[in-house]
Amino acid sequence: STLKKWYPNATGFRSHGLVQSSNILRKAADYGLKYDSNLLLYDFEMIRPIKTFYNLVRFPYHWSDASNLLWNRENDLSELGLDFEGLKIYDFHPILIYLNEAKLNTHYNKLKAGSTKNLVDLTKNDIDPFIQSSDKGVGNLFDSFLEYIHGNNHITQTLHQLFLSAE
């Protein structure tokens, strides 16, 4: 309810760690939320929106940088399923992009362990020593992904835009 007070016009949500349950979905609908993107269907083809019994529209997402790292996949465009049919929603974590994380939690964990501050209070000077540049990381992949989207004139949409087109 606190978030709904802070963001009264919010129409959708995603929880950290993909925490979800029927109670959370029901409560989200009770608060007037219309959609979520809390379901990871990693590497699935033919993904499409799903309407639930709470009248929420669920937009499963197709790929996550953290999952890619967890399963020791390459940080390469070939891992993104760009040629798959169906809805493709990608989840990139800004801190993993900035650190250019190449292996699961390597530099990110060092950053967390090496600081007495909360992550949200860190400055650029606090974070920069933990950037990795020797391996192809999430930051490199994100740059390549944006170049691919732009170079191939792909249309991108926000979840809200997808929701409006799915109604």
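Proximity of backbone amide H atoms, modeled 1.01 Å from N, is registered between Leu40 and Tyr61 at under 5 Å, excluding neighbours fewer than 5 places apart on the same chain. Taking the alpha-carbon centroid of each part, what is the distance from the range 121-167 to the range 69-98 in angstrom? Distance between centres, Cα-based: 10 Å. What FRET efficiency, computed as 1/(1 + (r/R0)^6) with R0 = 25 Å and r the Cβ-Cβ distance, is obtained for Val19 and Ala166, rounded to the nearest 0.05? Once rounded, the FRET efficiency stands at 0.60. Partner lysines whose Cα lies under 20 Å from the Cα of Lys103, excluding those fewer than 8 positions away in the same chain, are identified as Lys112, Lys136. FRET efficiency for the Glu147 to Lys27 pair, using the beta carbon distance and R₀ = 30 Å, is estimated at 0.15. The GluC sites (Glu not before Pro) of the range 20-125 that DSSP puts in a loop, and whose beta carbon has at most 16 other beta carbons within 10 Å, are Glu45, Glu74, Glu85.
Panel order for Trp6, Trp71, Trp63, by other beta carbons found within 10 Å of each beta carbon, from fewest to most: Trp6, Trp71, Trp63. For Ile47, the residues whose amide H sits under 5 Å from its own are Leu87, ignoring neighbours fewer than 5 places away on the same chain, with H placed 1.01 Å from N.
In plain terms, the residue of Phe13, Phe92 with the fewest other Cβ atoms within 10 Å comes first and the most crowded comes last, giving Phe92, Phe13. Taking a ≥ b ≥ c as the square roots of the eigenvalues of the Cα gyration tensor of the chain, is the shape rounded (a/c under 1.5), prolate (a/b larger than b/c) or oblate? Cα axes put the chain in the oblate bin. The length gained on full extension between Asp76 and Ile155, counted as 0.36 nm times the residue separation minus their Cα-Cα distance, comes to 26.4 nm.
Each reported figure results from applying straightforward, stated rules to the coordinates on display, with no laboratory input. Just so it is clear, the model here is predicted, and its values are computed rather than measured. Reconstructed Cβ throughout: ideal geometry from the backbone, glycine too, with neighbour counts over all protein chains shown.
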